[in-house]
Amino acid sequence: MGGKESLKDFIVGSVPTVICIPNFISDSEETNLLNNIYQAPISKWKSLKNRRLQNWGGVVHEKGLLPQDLPPWVTKITQKICEETELFPSAINHVLINEYLPDQGIMPHQDGPAYFPVVAIVSLGSPVVMNFTPHTRLSVCASTIRNSDEYSTPDKAAEVGTDKWLDSHNSFSVLLMPRSLLIFKDTAYSDYLHGIEDNNLHRVDGAVNVFESLKRHVQDHPLLETDGTETEITEQFKTIQRTSTRVSLTCRLVLKVRKNLFKF
């Protein structure tokens with residue numbers, strides 16, 4: 001962020017706790033991060049069914065974090081996030097680095113109660129679309145409200161208020177361009193699942209931040225001709241073809257830090 005810009009300038013969509021900052025890091029910072037990630041020992045990688053990852057900062061256990069110091073190249077980006085967002089009460093102490101091949105994603109999930117309810121994700125390499133869907137427990141809540149006496153009454157104020165509450169929990173997607181920073185917190189953290197589809201073609205025209213993200217992308221690539229309007233840009237870029245690897249750094253704060261998890 002620069003100049004007089006604040007986090008409020010980067011809120012995307014109708015959920016006010018989702019923030020996406022394009023070009024949060026520079027090309028050279030992206031290159032340096034990727035170099036350090038791929039210079040890590042092969043033993044640092046853990047292979048999962050649909051991706052592989054590196055875990056930095058220690059082991060997260062239900063009783064807290066069994067910590068390990070973050071390397072300087074990780075600390076450099078986590079400090080930048082903390083200083084420029086001012087959303088974390090103390091230093092970020094845990095970072096997961098995920099590598100996604102062009103046809104790989106991650107199933108819808110929540111990050112859980114071990115973390116302070118703010119997630120900061122730095123994207124490197126290929127662009128991708130992340131989908132947010134309301135937690136299933138909200139459907140139960142909605143059904144309960146629909147069938148409640150309050151909703152059944154002719155009180156229009158109560159009815160409109162309930163509709164607005166339900167409407168505020170619709171599914172949405174966010175386009176994550178290389179070098180961007182995605183932040184979701186509070187309601188977006190507790191009430192939604194987030195995930196990435198397992199395919200190499202992602203629709204982007206419905207993303208809540210598509211115009212601003214692609215406008216900046218077009219500005220960085222002058223050969224992509226558009227008239228600069230939202231309609232023209234979204235018409236030209238209805239989908240993205242994932243042709244290269246995406247790497248993400250998911251940066252979080254574990255509040256409970258234990259020197260010995262089994263000491264009571």
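Points worth noting:
- Region 1-121: C-alpha gyration tensor shape, a/c 1.5 cut-off, then a/b vs b/c: rounded
- Sites K63 and D186, calculated FRET efficiency, Cβ-Cβ separation with R0 22 Å, nearest 0.05: 0.35
- Among the listed pairs K185/K256; K80/K185; K44/K185, those with a Cα-Cα distance over 22 Å are K44/K185.
- Per-residue 3J(HN,Hα) values for region 27-37, derived from phi via the Karplus relation 6.51 cos²θ - 1.76 cosθ + 1.60 with θ = phi - 60°, read 4, 5, 5, 4, 4, 5, 4, 4, 4, 5, 4 Hz in sequence order (x marks Gly and Pro).
- Distance between the 7 Å Cα→Cβ label points at E5 and V257: 3.1 nm.
- Multiplying the residue separation of L101 and N35 by 0.36 nm and subtracting their alpha-carbon distance yields 22.0 nm.
Taken together, the values in this text are just the output of simple stated rules run on the coordinates, not laboratory data. Values in this document were obtained by computation on a predicted structure and should not be read as measured data. All Cβ positions, even for glycine, are placed from backbone atoms using ideal geometry, and neighbour counts span all protein chains on display.
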